[in-house]
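In what follows, a structure is listed as C-alpha cells, so that the remarks can point back to it.
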Amino acid sequence: MQRNPDCSNHDSQSTLTSKFFMDQVGEVVVTLKPDVLSWNSTESTSNDSSSCLGILYASKTDTFINISEVYAVEFTDWGFLHETAGCLSGHLSKMYRFRVHGVQMSKSQPSLLTPVVYTFGHDNRQTCKTWVNQLNTLLGMLTDRPNSLLVFVNPRSGKGNGRQIWENVAPLFSQAEIKTKVIVTEHAGHAFDAMSSITNKELASYDGVVAVGGDGLFNEILNGVLLSRHKAPYPPVTPDHGQTVDTHNAIVDQPLPSGEDESPLLSSSLDESSQVPNIFKFLQNLDTNQDPEISFPNDRFRFGLIPSGSTDAIVICTTGARDPVTSALQIITGKRIRLDIAQIVTWKTSQISKHEPRVRYTASFAGYGFYGNVIKESEKYRWMGPKRYDYAGTKVFLKHRSYKAEVAFTKVEPEKTNMQTNRKRLTTCWGLPKDPKRVPCRSKCHVCNANQSMDPQQESKLVTDRGRFLSIGAAVISCRNEKAPDGLVADAHLSDGFLHLILIKDCPRAFYLWHLTQLARKGGNPLNFDFLEHYKTTTFTFTSFGEESVWNVDGEVLLAHKLSAQVFRGLVNVFASGPET
C-alpha cells in the first residue's frame, strides 16, 4: 500500500506523525507512540474546554492522552468536524473524521472520572483510517481489559433507579466493544441463584461479573461464585462444653446457608445427594467432558460494582467515588485491585439447634447487637426506601439493649520496637492506640501491595473477652459511606489481610451517642473511647449467652448463636484502582 504523504514515521514503525484539524483547537501536529497520543497546535487559540450533553471536548490545555486512558476509537467518515446540534465551534468545513474516546480525571474531585472525546479531521480518508487502525491495534495489546461481562441489574436497589443507571452507562460499554449479557433481577436472591448454578465453563467465558446495585447485590454475586469454588478449611470455633470440633479437615464443598436464617440469600441449600464423596469427584474430573474447575484466588476473573444502592460502601472504598460513570470507566479500562474477603461460618443458629456449619462471605462488614438490630428492624419499613435505616436506627438506639457474649480472637501485636511507645497511648481497655497515625488506603497503596506474609516483627496471641456488648463489629474495609465519611475504621485497607474487630461494651446511652456522632463526622474519631476496644485480627469466634441478637452481614440478617470468621487476603480481584488522594 502506498504511504500517504501526510502520514510519516519517525525513529521506528511504532511512531506515527500527521497534521490534523482538531475540534476546539485548530490545526495540530499529532504524534502516536505505543503508550501516548499527543498533539501540538500550530495555531494561536484561546478557547478552553467545552462541554456538550455532559461529554467533555478537547481544550487548549490538553496536549496528550495516555493509550491506557483511551477506551474507544471510531471512524466517523465525511462531515462537519463537530456536528452535534447546538455545539458548533465555528469550523464548518467538511472533512473525514475520527474520534478518540478517553477517560479524564476530574480537577475538582480527585477520584471522579468522566469520559472525554477528541475529534480529528483530515481531507484524506486513508490518513484517518490508518490512524484508527493503528490506535485500535494498540488498544488490542492492552490485555487486561475485559471483552465479555455478565451484568446483573437490580431495578429496586436504593431509590429504585438501577435500570436507569445501567441504561445511562451501557453506551460506554458499547463504544468500547465490550460484550455484555444483562440479567435484570426479579427477586431477592436471583443473582445468588444464577451464580451458584452457572457452570464453570460458562463462567470462564466471561472476564468478570458486574453488579448494578448496592452492597447487597454484590454480596449475592460474591457468595454465588465463592461458595462452591473457594476451597479452604473452616476457621476455628470454640467448642461447646465437653465437645471437640475438628476444622482442619473440613469438607471443601461447603453447604450453602439454609434453614432458620431469614435472609433470602440464605434460603438455598444443597441437596444431600449433591454431597458427592471426594473420591467420586476425583474420578469424575478424569472425564474431559466434565465442567472445568475454577478456583479462587483467580487472577483473571474480576468483580465489578456500579453503584445504585442505599449506602454503596464497597464502591466508595474501592473507587473513591459514588459515581456510576466512574465505576463503568474503571471496568472498561480494566482497572484491577485485590480485595480481602471474610469467610463467616455459622455453627449454630440458636442454642437448641444442632451443630452444622453454614458459610457466608463478606467483602465489607459483619456486625452484631446494634448493627444487627438496625438491619432487622429496617426490614419492616422497606417502603420508606433508604430513610428506613435512620428510622430503624433511632428506634434501636432508644432501646439501648446489650447482649452477653464471648469473643475469642487472634490479636496482632504491634512491632516489638514500638511496644513501649505505644503502651502509653493504649486505651484503658487494652485496644489499639487511642490516637494512631492514620494511613488510609489509597490508589497504589503500599500497605496492600506489601509482601503477602506477616511482618516477622509482629506477633499474635489468643485473647478471650466475655461480657455484655452493645455491639460487635468486624470490618474488612473502612466502610466509608455518606453517613460515615471516614468509615467505621478510617485506616482499614482493601488488601492487607486483617479484620478490624470492634467491641463496644455496655455503657450509658449518652456515651454511645457520642460514638455515633463521631462516626458521622468527617475527621471524627469514633474509636477513641474507653468503653470501646479495637483490635486487628485474622480470625475470631463468637458465642452468645442468654438473650440473643442477630448479625448484620453486608445488609442481610444472619442468625448465629455460635459463629467464627477468618479473612483471606486478596481473595478476589475487582475492577477498581482504589481511591485517589
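The values are calculated or read from the model by the stated rules, or taken from the named source; none is laboratory data. It should be emphasised that the depicted structure is a prediction, and the values quoted were computed from it without experimental measurement. Glycine gets a Cβ as well: all are built from the backbone with ideal geometry, and neighbour counts include every protein chain shown. Surface accessibility is based on the protein's heavy atoms, side chains included, excluding ligands, DNA and RNA. Shrake-Rupley method; radii C 1.70, N 1.55, O 1.52, S 1.80 Å.
Computed values, structure above
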item: Residue match in region 303-326 (condition: among the basic types (Lys, Arg), open to solvent by less than 40 Å² (accessible area, probe 1.4 Å) and modelled with pLDDT of 50 or more); result: no
item: Filtered residues of region 139-163 (kept if of a type in the set (Gly, Ala, Ser), assigned to a loop (DSSP other than H, G, I, E, B) and surrounded by 18 or more Cβ atoms within 10 Å (Cβ to Cβ)); result: 157, 158
item: Qualifying positions in region 497-542 - outside any helix (DSSP H, G or I) and either over 30 Å from the mean Cα position of the chain (by Cα) or aromatic (Phe, Trp, Tyr) (or both); result: 498, 505, 506, 507, 508, 529, 530, 531, 535, 540, 542
item: Subset of region 544-575 [in a loop (DSSP other than H, G, I, E, B) and either without any contact (Cβ under 8 Å) to a residue 40 or more places away in the chain or on the phi > 0 side of the Ramachandran plot (or both)]; result: 546, 554, 555
item: Enumeration of residues in region 313-336 that are in a helix (DSSP H, G or I) and among the small types (Gly, Ala, Ser); result: 313, 327, 328
item: Which numbered condition residue 526 misses (of (1) crowded, with 20+ Cβ neighbours inside 10 Å; (2) in contact (Cβ under 8 Å) with a residue 60 or more places away in the chain); result: (2)
item: Residue 479 being modelled with pLDDT under 90, within 20 Å of the chain's Cα centre (by Cα) and open to solvent by less than 50 Å² (accessible area, probe 1.4 Å); result: no
item: Count of residues meeting criterion [over 16 Å from residue 78 (Cα atoms), touching a residue at least 24 places away in the same chain (Cβ under 8 Å) and among the β-branched types (Val, Ile, Thr)] in region 101-146; result: 4
item: Total residues in region 348-364, condition open to solvent by 10 Å² or more (accessible area, probe 1.4 Å), in a strand (DSSP E or B) and either touching a Pro at 6+ places or on another chain (Cβ under 9 Å) or at pLDDT 95 or above (or both); result: 1
item: Per-region count, region 189-209, residues in contact with a Lys or Arg (Cβ under 9 Å, 6 or more places away or on another chain) and more than 15 Å from residue 295 (Cα to Cα); result: 1
item: Failed item in (1) modelled with pLDDT of 95 or more; (2) closer than 20 Å to residue 385 by Cβ; (3) open to solvent by 10 Å² or more (accessible area, probe 1.4 Å), with residue 188 passing the rest; result: (1)
item: Cβ pairs under 7 Å, 6+ apart, first in region 194-216 and free of Cβ contacts under 8 Å to residues at least 60 places away in the same chain and closer than 15 Å to residue 182 by Cβ, second open to solvent by 10 Å² or more (accessible area, probe 1.4 Å) and of a type in the set (A, V, I, L, M, F, W, C); result: 194/183
item: Matching residues, region 77-104, being surrounded by fewer than 19 Cβ atoms within 10 Å (Cβ to Cβ), under 24 Å from residue 174 (Cα atoms) and at pLDDT below 90; result: 77, 78, 79, 80, 83, 84, 85, 87
item: Residue match in region 489-496 (condition: farther than 21 Å from residue 462 by Cα, without any contact (Cβ under 8 Å) to a residue 40 or more places away in the chain, in contact with a Pro (Cβ under 7 Å, 6 or more places away or on another chain) and in a loop (DSSP other than H, G, I, E, B)); result: no
item: Leading residue by the ranking (nearest to residue 364 (Cα to Cα)) among those in region 529-567 that are open to solvent by 50 Å² or more (accessible area, probe 1.4 Å) and of a type in the set (Asp, Glu); result: 548
item: Residue match in region 218-226 (condition: in a helix (DSSP H, G or I), open to solvent by 30 Å² or more (accessible area, probe 1.4 Å) and of a type outside the set (A, V, I, L, M)); result: no
item: Listing of strands (runs of 3 or more DSSP E) fully contained in region 4-58 that carry 3 or more residues being surrounded by 11 or more Cβ atoms within 10 Å (Cβ to Cβ) and modelled with pLDDT of 50 or more; result: 7-10, 12-22, 26-33, 36-41
item: Test: residue 172 is in contact with an Asp or Glu (Cβ under 9 Å, 6 or more places away or on another chain) and either over 21 Å from residue 198 (Cα atoms) or not in a loop (DSSP other than H, G, I, E, B) (or both); result: no
item: Residue list for region 198-217, restricted to those being closer than 28 Å to residue 161 by Cβ and in a helix (DSSP H, G or I); result: 215, 216, 217
